[in-house]
Amino acid sequence: MGGYGSGRPGWRPKAEQFRSLDVNRLRKAGLLKSGYSCGWRWTVDGEKVASISIRAEVGRLVLVYRIRSNGSDWEEVEEPIPLTETDCPYGGTRPWFRCPAVRNGRYCGRRVGKLFLGQKYFVCRHCLGLAYTSQSEEPMHRHNRRANKIRTALGGEPGTASMPPPKPKGMHWRTYWRKIDAIDTADAAGDMAFANWVYRRFPGAKLDDL
Ligand SMILES: [Zn+2]
């Protein structure tokens, strides 16, 4: 796509190594088109820990997977993930998952590019973080806060799912692009911090094609 937020250094090769789904990667592979289906399996140290099939329907993906945690029996899970799109500032559209997690009776519904396998379901990083850590001072949160501070100072909304804020009246374009770069840098640092955190949590996890 080559648009805003693509090509972040350091992030690219890692996303598939733990149990995650990247909506842009799935779209590039043509897997978001209604009617397509495919499958993967994940292994840890050569042992299968999870397998998944993905079926695209209109407006949603249906994940069917078998999962086993901590030596318990295999369990089959069917999880529909709503899909949505936003317009890109430079044309085209960008796909998003809506996080299907329900916690304490509340639906998350956040617009996210990636979902991560928690103990049983694929959820957004916020829900995964809520499930696994109460340390709000994790580096990823620090980076996110820095990015959001610049976003809101420019009159935008917080969160990586938001469009970059437009240039405020009277601000020089150079200043504006410097701030947009700073948002992107902080987001990328947050992604890296998050990836490192996931590696610590799922040591040795890797993804094979089925
Ligand atoms: Zn969520």
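The numbers here are math on the coordinates, done by the rules we state, and not lab data. These figures come from a predicted structure and were not determined experimentally. Glycine gets a Cβ as well: all are built from the backbone with ideal geometry, and neighbour counts include every protein chain shown.
Of the residues Tyr121, Tyr90, Tyr36, the one with the fewest other Cβ atoms within 10 Å heads the list, and the complete ranking is Tyr90, Tyr36, Tyr121. Please tell me which of these pairs span more than 27 angstrom C-alpha to C-alpha: Lys114/Lys149; Lys149/Lys169; Lys114/Lys169; Lys28/Lys179? Correct reply: Lys114/Lys169; Lys28/Lys179. Each Lys or Arg adds one and each Asp or Glu subtracts one; over the other residues with Cβ under 14 Å from the Cβ of Val102, this totals +4. Per-residue Karplus couplings for the range 25-34, computed as 6.51 cos²θ - 1.76 cosθ + 1.60 with θ equal to phi - 60°, are listed in order as 5, 5, 5, 4, 7, x, 8, 8, 6, 3 Hz, Gly and Pro entered as x.
With a simple spin-label model that places each label point 7 Å from the Cα along the Cα-to-Cβ direction, the separation between Arg66 and Thr93 comes to 3.6 nm.
Residue order for Asp187, Asp73, Asp87, Asp22, fewest other beta carbons within 10 angstrom first, comes to Asp73, Asp87, Asp22, Asp187. Under 5 Å from the amide H of Arg60 lie the amide H atoms of Leu83, each residue being 5 or more positions distant or on a separate chain, with H modelled from the backbone and absent for Pro and chain starts. Taking Lys and Arg as +1 and Asp and Glu as -1, the other residues whose beta-carbon sits under 12 Å from that of Arg151 total +1.
Going from the fewest other Cβ atoms within 10 Å to the most, the residues Ser20, Ser53 appear in the order Ser53, Ser20.
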